[in-house]
Amino acid sequence: MKTTPFTNIHIALGAKMHEFAGYNMPIEYSGITDEHITVHNAVGVFDVSHMGEFWVKGPKALAFLQKVTSNDVSVLTVGKAQYSCFPNGKGGIVDDLLVYYFEPDKYLMVVNASNIEKDWNWCVENNTEGAELENASDWMAQLAVQGPKATELLQKLTTVDLSQIPYYGFAVGDFAGINNVILSNTGYTGAGGFELYFYPEHGEQIWNALFATGAEYGIKPIGLGARDSLRLEKGFTLYGNDIDDNTSPIEAGLGWITKFVEGKDFIDRPLLEKQKNEGVARKLVRFELKDRGIPRHGYEIVNIAGEKIGEVTSGTMLPDSKKGIGMGYVATAYTKCDSIIYIQIRAKNLEATVI
């Protein structure tokens, strides 16, 4: 398994480790419930150094990005980022990603860890524009510092005025004595905070500074288990579960990152534009169980008559409220808010509400 600059720290802290996307990653430290609540109320640190990063440079950078991504990159101004996806040429999704605009002719794409090789090959194969591509995944580390106290903590370690960085904005500056750290007002928890990008050799210094300064804020390291429950609570999709090569952005409720603007002839535009105009047979919904239970990936979703109308893609029981929540694709007739659906759990049909 691959390691991150923090693997030995996780092991020393007693984290439960497991393979994820080819990396030896921490699943939990103090327990998913405690870690989930910590991010709700204080501040937690996630090692996300396994994520992939590709630089896109040169005079053809924008043209390339406009073709391979679904969102409209041309609206970005320097210091802003956007959420997007790679359409796969067959109506599905290669991956979802973030696009950062650093300066004219210089962008950064951040992709999912499990798709680094797949995404890189896809970009290279479709780079008919001749943009300059660089796979920097092995030379960038990343920590996500999330929670309501995250910004106050981080501000003590940088001269960059974090209050001037809007949501989906970023800056490059000093952090914990290290220069050229990317401070990005993004995250995957819904709890607020920043993501920090830096060279791997600075990882230990940055980690130690965070935990020394963050002690008064109740800082804790957080594993992938709570990362999943937090993103589910917020309603964020996970590639490989809720979106994949067989789900279209229109089906997945990602029409807001699929821009049919003039002059943007991106991969799959005609097909996706047709889906938007004519509708689709199924859509991704978020739901909450009325009955006690935990929805799991692959469980059937049925209507009141017991007829299958879809399938659960992600599910969990929230650590604090103990409510069962999840996502799944269902027939379009059942996608309106407050629709009643049923999740089949151990031969029982448990009532749920689309939320």
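Looking at Ile250, Ile243, Ile219, Ile257, just one residue is assigned by TED's automatic domain parsing to the domain that holds Tyr29 and of a type outside the set (D, E, K, R), and that residue is Ile219. Only one of the numbered conditions (1) surrounded by fewer than 22 Cβ atoms within 10 Å (Cβ to Cβ); (2) under 25 Å from Thr7 (Cβ atoms) is not met by Trp122, and that is (2).
Among the helices (runs of 4 or more DSSP H) confined to region 137-241, the ones with at least 1 residues that are among the hydroxyl-bearing types (Ser, Thr, Tyr), more than 28 Å from Lys323 (Cβ to Cβ) and touching a residue at least 60 places away in the same chain (Cβ under 8 Å) are located at 203-213. Selection of strands (runs of 3 or more DSSP E) fully inside region 276-329 by the criterion of at least 1 residues being loosely packed, with under 14 Cβ neighbours inside 10 Å and of a type outside the set (Phe, Trp, Tyr) returns 308-317. Identification of helices (runs of 4 or more DSSP H) wholly contained in region 1-93 with 3 or more residues that are within 19 Å of the chain's Cα centre (by Cα) yields 32-41. Is there a residue being of a type in the set (D, E, K, R), outside the structural domain of Gly225 (by TED's automatic domain parsing) and surrounded by fewer than 21 Cβ atoms within 10 Å (Cβ to Cβ) anywhere in region 34-55? No, the conditions are met nowhere in region 34-55. The residues of region 340-355 that are in a loop (DSSP other than H, G, I, E, B) and in contact (Cβ under 8 Å) with a residue 40 or more places away in the chain amount to a single one, Ile355. Exactly one residue among Asn71, Asn135 is surrounded by fewer than 21 Cβ atoms within 10 Å (Cβ to Cβ), among the polar types (S, T, N, Q) and at pLDDT 95 or above, and that residue is Asn135.
The values are calculated or read from the model by the stated rules, or taken from the named source; none is laboratory data. What you are looking at is a predicted structure, and each value in this text was computed from that prediction instead of being measured. Backbone-built Cβ (ideal geometry, glycine too); neighbour counts: all protein chains shown.
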